[in-house]
Amino acid sequence: MLTTNLGTMKNLSFILFLAFCVSANAQQLYPFKSNTGKFGFKNQSGKVILTPIWDSAEHFVHGKSLVKQNSKIFLINLAGEQISSKFDFIGDFELGLAIVSKSGKYGLIDVSGRLIYPPKFEQADLQKKIIQYTKNKQRKLCGVLNVKPKEKTTALADSLFSKGQYAKSIELYKKYLAVPKASFKIYNNMAFANTMLGQEEKGAFYYLKALEYKEDPIVLYKLAGFYYMHQKYQKSLAVYERALKIHPNNAGMLYSMAKTCSKLGYYERSYALTLKASQIDPENFAHFFNLSYYSLFTNRPKMAIKAAKQSLALAPKETGAYTNLVLGYVLNNQFDEAEPIYKYWKDKYFFEIDAIGKEAFLGDIRQLEKMNIKHPDFKKVRNLLNE
């Protein structure tokens with residue numbers, strides 16, 4: 001059907017957006033327990049990325065995970081490499097620091113795994129900001145009484161953000177907006193947090209601020225999507241153009257950009273972008289579904305037929321492609337091929353496009369005629385459908 005169903009296309013866009021994020025950004029890993037009882041990590045597709053060799057493992061937070069092996073606990077990165085010393089215990093991070101213990105003594109590490117104070121103290125308490133040690137059988141305070149990082153840190157805000165406590169994380173992030181090196185991350189996280197709280201306008205504002213520090217393709221993709229959903233198609237297209245310079249061969253990006261172009265009436269551009277997307281990602285029916293759609297608007301009935309057939313071959317249950325296929329036949333002077341499709345589907349319901357066949361078919365013809373795309377057999381179709 002030429003009138004793209006919003007619900008269906010939202011789902012397709014979301015799927016393609018996930019594909020874009022996976023290809024454009026570092027992959028997310030998730031701990032799992034193997035049949036041997038050891039823990040490893042899989043990606044979103046379920047593929048084992050880090051072989052199960054640990055006795056326990058926690059979720060990655062900002063590229064680091066706590067794992068246990070042979071009764072010792074340490075930090076690893078996304079490559080599975082050990083980035084901290086091994087300890088008997090590692091506590092929760094507060095203000096960018098965590099208490100560690102080894103052989104009954106306490107010390108501190110930072111979020112990178114770097115040892116700040118070796119485990120040689122009798123007592124450590126971050127909340128009370130106390131480290132003590134024993135010397136000459138007398139308990140004394142360590143020279144560092146206030147255990148604070150010298151520079152501002154967003155560790156607590158990051159922790160709240162990773163736990164989905166978006167409102168609290170936003171309030172904390174606002175205190176650190178003057179930290180130049182952290183500004184992209186802060187603005188990006190604030191944008192996402194506001195979006196998750198339904199504050200889309202604020203989310204867009206912070207995405208724009210994040211882009212002042214880094215031309216990030218995923219941020220560009222999200223911002224372009226925001227403009228698209230709010231019918232600001234020229235702005236959406238301009239942002240997609242920036243993202244495309246970074247990832248010219250990303251099928252999800254091409255797909256979304258083509259949709260924006262179609263809203264502006266740039267059907268030749270939509271056709272070219274979608275054709276490229278279908279060549280890059282030939283197993284995704286959505287590209288061929290839309291390629292058949294754009295082919296009709298650019299007077300390419302043979303391509304419309306070919307692409308619609310490929311869409312149906314890849315996803316037989318996505319029967320909405322028949323609406324594009326049948327029009328391709330009509331425009332290609334193959335009414336005999338179109339007639340049985342019209343007869344079969346005219347009283348049936350297309351779930352994918354939320355329309356009765358007859359309504360969909362007639363609506364398609366009216367749309368084409370508005371674009372000054374006409375054919376003598378349109379009259380036959382109308383008679384057949386009893387308009």
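Scanning the range 26-70 for residues that are on the phi > 0 side of the Ramachandran plot and at pLDDT below 90 yields Gly46, His62, Gly63. Can you find a residue that is at pLDDT 75 or above and surrounded by fewer than 16 Cβ atoms within 10 Å (Cβ to Cβ) anywhere in the range 124-139? Among the residues of the range 124-139, not one is at pLDDT 75 or above and surrounded by fewer than 16 Cβ atoms within 10 Å (Cβ to Cβ), which makes the answer no.
Between Ala210, Ala193, Ala243, the distinction of being under 16 Å from the mean Cα position of the chain (by Cα), at pLDDT 90 or above, within 25 Å of Asp110 (Cβ to Cβ) and not assigned by TED's automatic domain parsing to the domain that holds Val100 belongs to Ala193 only. Among the residues of the range 67-101 satisfying the criterion of being polar (S, T, N, Q) and more than 16 Å from Ile116 (Cβ to Cβ), which is surrounded by the most Cβ atoms within 10 Å (Cβ to Cβ)? Once the filter is applied, the top-ranked residue is Gln69. Of the numbered criteria (1) in contact (Cβ under 8 Å) with a residue 12 or more places away in the chain; (2) farther than 28 Å from Leu264 by Cβ; (3) under 29 Å from the mean Cα position of the chain (by Cα), the one Glu318 fails is (2). Candidates are the residues of the range 366-384 that are in a helix (DSSP H, G or I) and over 44 Å from the mean Cα position of the chain (by Cα); the one that is farthest from Ile341 (Cα to Cα) is Lys379. Of the set (1) surrounded by fewer than 14 Cβ atoms within 10 Å (Cβ to Cβ); (2) closer than 29 Å to Ser262 by Cα; (3) touching a residue at least 24 places away in the same chain (Cβ under 8 Å), all apply to Leu197 but (2). Residues satisfying the criterion are absent from the range 102-109 (criterion: closer than 24 Å to Ser169 by Cβ, surrounded by fewer than 17 Cβ atoms within 10 Å (Cβ to Cβ) and not aliphatic (A, V, I, L, M)). State all residues of the range 305-341 that are farther than 18 Å from Arg366 by Cβ and among the β-branched types (Val, Ile, Thr); if no residue qualifies, say none. Within the range 305-341, Ile305, Thr319, Ile341 qualify. Would you check if Lys374 is in the same structural domain as Gly320 (by TED's automatic domain parsing), loosely packed, with under 15 Cβ neighbours inside 10 Å, modelled with pLDDT of 90 or more and more than 18 Å from Tyr293 (Cα to Cα)? Here the answer is no, as Lys374 does not meet what is asked.
The values are calculated or read from the model by the stated rules, or taken from the named source; none is laboratory data. Because the structure is a prediction, the values reported are computed rather than measured. Cβ sites come from the backbone with ideal geometry, for glycine too, and all protein chains shown count toward neighbours.
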